[in-house]
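The structure appears right after this line, and notes come after that.
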Amino acid sequence: MAQARKVRRKPAQKKQRGPLPGWVWLLAGLLIGLGVAAVMYLQGADRPDSLGDWLSERDRPEVESPAEEPAADPPPEEQETRFRYYELLPEDEVPVPDPPAAEEDEPAPLAPETATPDDGEPVLLQTGSFRRAEQADEMRARLTLLGLSPEISETDVDGETWYRVYLGPYTDPDRTREVLERLQSEGIEALRLRDRG
């Protein structure tokens, strides 16, 4: 009969570790450098006026004294003036004519009449007035994302085209108040105007 063979197990070999990878050394160096920089910053060593404190007298390198002393700065009269602000300002002064006196019979133009929601009249909310159509489109898109339905109106003021963004008209004071609160929470200012047509 055959005898059963004993199988000898070899003792487990300990894994030999190789050298640390390069990225570990790089990371360790960066962390040490940042730590030193943070300590220096907190102590104020990065300020030029305190750099002299870091070097003692014996550590400072000797500066060779020049054989000739440099010539002193020329007197201020001989130096070319770098800034001529006070000379140029009076020359560039532009006289502004006084505005023509308004006749006392004619009242000054007033700002558009604002309406309160309690008036019962339709109310428009003007959320912006822009010189560029792109800006008005941006405001319209912003208001549309809030679930509102804005409209853009082109207006000619003193020969310039202005693009005004309106919401409404609203006849319900509660709805007007609700829209105003929503606009205010989004940081949008609105001007209440009477709907004239």
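The values are calculated or read from the model by the stated rules, or taken from the named source; none is laboratory data. This is a predicted model, so every value here is computed, not measured. All Cβ positions, even for glycine, are placed from backbone atoms using ideal geometry, and neighbour counts span all protein chains on display.
Could you list, in sequence order, all residues of region 143-187 that are in contact with a strand residue (DSSP E or B) (Cβ under 6 Å, 6 or more places away or on another chain) and hydrophobic (A, V, I, L, M, F, W, C)? Answer for region 143-187, where residues must be in contact with a strand residue (DSSP E or B) (Cβ under 6 Å, 6 or more places away or on another chain) and hydrophobic (A, V, I, L, M, F, W, C): Leu143, Leu148, Ile152, Trp162, Val165, Leu167.
For Glu80, state whether it is over 15 Å from Leu191 (Cα atoms), modelled with pLDDT under 90 and surrounded by 10 or more Cβ atoms within 10 Å (Cβ to Cβ). Here the answer is no, as Glu80 does not meet what is asked. One residue stands out among those in region 134-154 that are not aliphatic (A, V, I, L, M) and not in a helix (DSSP H, G or I): the one that is farthest from Pro169 (Cα to Cα), which is Glu154.
In this structure, Thr161 does not satisfy being assigned to a helix (DSSP H, G or I), on the phi < 0 side of the Ramachandran plot and of a type in the set (Val, Ile, Thr). When Thr144, Thr176 are checked against the criterion of being among the β-branched types (Val, Ile, Thr) and either out of contact with any helix residue (DSSP H, G or I) (no Cβ under 6 Å at 6 or more places or on another chain) or exposed (fewer than 14 other Cβ atoms within 10 Å of the Cβ) (or both), a single residue qualifies: Thr144. When restricted to residues that are out of contact with any Pro (no Cβ under 6 Å at 6 or more places or on another chain), of a type outside the set (Ser, Thr, Tyr), under 17 Å from Ser129 (Cβ atoms) and modelled with pLDDT of 90 or more, region 159-186 contains 5. Scanning region 184-197 for residues that are closer than 13 Å to Val123 by Cβ and surrounded by 13 or more Cβ atoms within 10 Å (Cβ to Cβ) gives Ala190, Leu191, Arg192, Leu193, Arg194, Asp195.
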